[in-house]
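What follows is a short report on a single structure.
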Amino acid sequence: MKRIPKFTKTIPLLLLTWLCIFPGNGRANGCLPASSNPPADPIRVLLLGGGASHDFDTWYKNADVETLEKGGFAEVTYTDDPESILDLLADMDVLYLSNNQPIADPATRKAIFDFAASGKGLILGHAALWYNWEDWPEYNIHLASGGSRGHDRFGAFDVTVLDKNHPVTEGLPPTFNLKDELYYFKVDPDGPGIKVLAEASTSETGPFPSLFVIKHPDTRIVGIALGHDGASHNLDTYQKLLRNAVSWVAGK
Ligand SMILES: [Zn+2]
């Protein structure tokens, strides 16, 4: 968030006041009422991507950042370097992990857990719901409350919204169809558990959670299993649920 110096706020206000007193040009309504509700500060989001099998630059660094920054809703810092997030976390409201690569540094792992423990929100998107961490089982147990070890071949499926009253599903259609990888997300009984907001089934098995809340004891975490490529990221429905999720985990 860039702070606006006080004087740059004051000058337009004085000008507006002057125009109100001296509307000029014989116009009856020379003054529009000033808004009493200036726009809220954008939500500060740190988005980590990078790794195999996905075009992170196109669908996360470009598409998701554009989705989140539209209208001043959020200010997103994107990186595909897991080592860089340690220094950035302190200034963030939300950490959005979508990475398909390990976070190896112990201090960074601890900082992510501390971030959650301090009540800051997390989004775990697509590849970040995989079992990526051979040597970091705590990630899947405590932050994701489970994970995926497989998915359907990329293709079309229906997602059904189960909880229409949750802020994260606000404005979503009851069912929507998209092309994506249907993740076989399984809940780990040692984790805090999840509340499924939307789910999808294959022809043979499921249902599996597509959109869910992880019941972390200290903060809000949303899992979004969708998001392999543009067939999801470009959908209005995906963009809506992503903005809803960021807003909700940020406590807005
Ligand atoms: Zn994928």
Ala111, sole failed condition from (1) within 16 Å of the ligand (Cβ to nearest atom); (2) assigned to a helix (DSSP H, G or I); (3) surrounded by fewer than 22 Cβ atoms within 10 Å (Cβ to Cβ): (1)
Sole exception among (1) away from the ligand (no atom under 16 Å from the Cβ); (2) over 23 Å from Trp59 (Cα atoms) for Thr202, by number: (1)
Hits in the stretch 81-99 - residues which are within 16 Å of the chain's Cα centre (by Cα), under 24 Å from Ala52 (Cβ atoms) and of a type outside the set (A, V, I, L, M): Tyr96, Ser98, Asn99
Enumeration of residues in the stretch 154-188 that are within 16 Å of the ligand (Cβ to nearest atom), within 20 Å of the chain's Cα centre (by Cα) and assigned to a loop (DSSP other than H, G, I, E, B): Glu181, Leu182
Residue among Gly146, Gly150 that alone is away from the ligand (no atom under 16 Å from the Cβ), in contact (Cβ under 8 Å) with a residue 12 or more places away in the chain and touching a strand residue (DSSP E or B) at 6+ places or on another chain (Cβ under 6 Å): Gly146
The listed residue being under 12 Å from Val159 (Cβ atoms) and at pLDDT 95 or above, out of Leu211, Leu242: Leu211
Gly121, sole failed condition from (1) modelled with pLDDT of 95 or more; (2) over 23 Å from Lys186 (Cα atoms): (2)
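Name the one entry in Asp158, Asp188 that is acidic (Asp, Glu), at pLDDT 95 or above, touching a helix residue (DSSP H, G or I) at 6+ places or on another chain (Cβ under 9 Å) and at negative phi.
Values: Asp158 fails: touching a helix residue (DSSP H, G or I) at 6+ places or on another chain (Cβ under 9 Å).
Matching residue, one of Asp158, Asp188: Asp188.
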Members of the stretch 127-143 found to be of a type in the set (S, T, N, Q) and within 14 Å of the ligand (Cβ to nearest atom), listed by number: Asn132
Of all residues making up the stretch 217-241, the number that are away from the ligand (no atom under 16 Å from the Cβ) and touching a strand residue (DSSP E or B) at 6+ places or on another chain (Cβ under 8 Å): 6
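The values are calculated or read from the model by the stated rules, or taken from the named source; none is laboratory data. What you are looking at is a predicted structure, and each value in this text was computed from that prediction instead of being measured. Note that we place each Cβ from the backbone using ideal geometry, even for glycine, and neighbour counts take in every protein chain shown.
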